[in-house]
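These notes are about the structure you will find just below.
The values are calculated or read from the model by the stated rules, or taken from the named source; none is laboratory data. Because the structure is a prediction, the values reported are computed rather than measured. Note: accessible area is taken over every heavy atom of the protein model, side chains too, but ligands, DNA and RNA are not part of it. Shrake-Rupley method; radii C 1.70, N 1.55, O 1.52, S 1.80 Å.
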Amino acid sequence: MAKRIKIRTHTIEVTAELNDTRTAQSIWNALPTKGYANLWGDEIYFSIPVLLIPPDSAKEYVNVGDLGYWPHGNAFCIFFGPTPISKDGKIKPASPVNVFGKIVGDATIFKQVTSGTTIFIESGSSE
């Protein structure tokens, strides 16, 4: 049974499916939460009330639509395209992240989000 979360702003709403990892469970347990979007290329990140050390599955590269937890900033990350240090078509976070879920559908909708936008994260359903 995959857990789903809703990620929304005042103008968009998407669903994401969580992996079966300790990181995903820790984030699920912290819901609902909200943050204020910081942009770094085609990545949104914001601090959340989750502290995970050491990371359980840090990845150096991610895919469009991946959700990552960035341990250095206790941050929830949404990847919807290249970051400033991406190259050769590979999306590279500032430093390794724990990938804990994936956007269902088109993650490029996040191109509409501007810096400082309030982002709400809440539990969806378990299916």
Next on the checklist: Can you return the lysines within cross-link range of Lys34? Criterion is Cα-Cα under 16 Å, with same-chain partners fewer than 8 residues away left out.
Outcome noted: Lys6
Checklist entry - If you average the sequence gap of Cα pairs under 8 Å that are 6 or more apart and divide by the length of the chain, what percent do you get for the contact order? => result 38
Item to check | Reciprocal mean inverse distance between Cα atoms of region 18-127 - Kirkwood radius, Å | outcome: 13.9
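Rounded to the nearest 500 deg cm²/dmol, what is the calculated helix-only ellipticity per residue at 222 nm for the chain, with -39500 (n - 2.57) per DSSP H run of length n ≥ 4? Don't skip to the answer; put the middle values down first.
Numbers: 1 runs with 8 residues, N = 127.
Dividing the helical sum by the residues of the chain leaves -1500 deg cm²/dmol.
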Item to check | Residue-span extension gain [Ile85 to Ile109] - 0.36 nm each, minus C-alpha spacing | outcome: 6.5 nm
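Evaluate Rg over Rh across region 58-108, taking Cα atoms for both radii and Kirkwood's formula for Rh.
Details: Rg = 10.0 Å, Rh = 10.8 Å.
The Rg/Rh ratio comes out at 0.93.
State in Å² the accessible area per residue of region 5-104; use a 1.4 Å probe, count heavy atoms of protein chains only, and round to the nearest integer.
Working: 4850 Å² over 100 residues.
Spelled out: the 1.4 Å probe surface of region 5-104, per residue, equals 49 Å².
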Next on the checklist: Counting only protein heavy atoms and a 1.4 Å probe, tell me what percentage of the chain's accessible area is made up of carbon and sulfur.
Outcome noted: 50
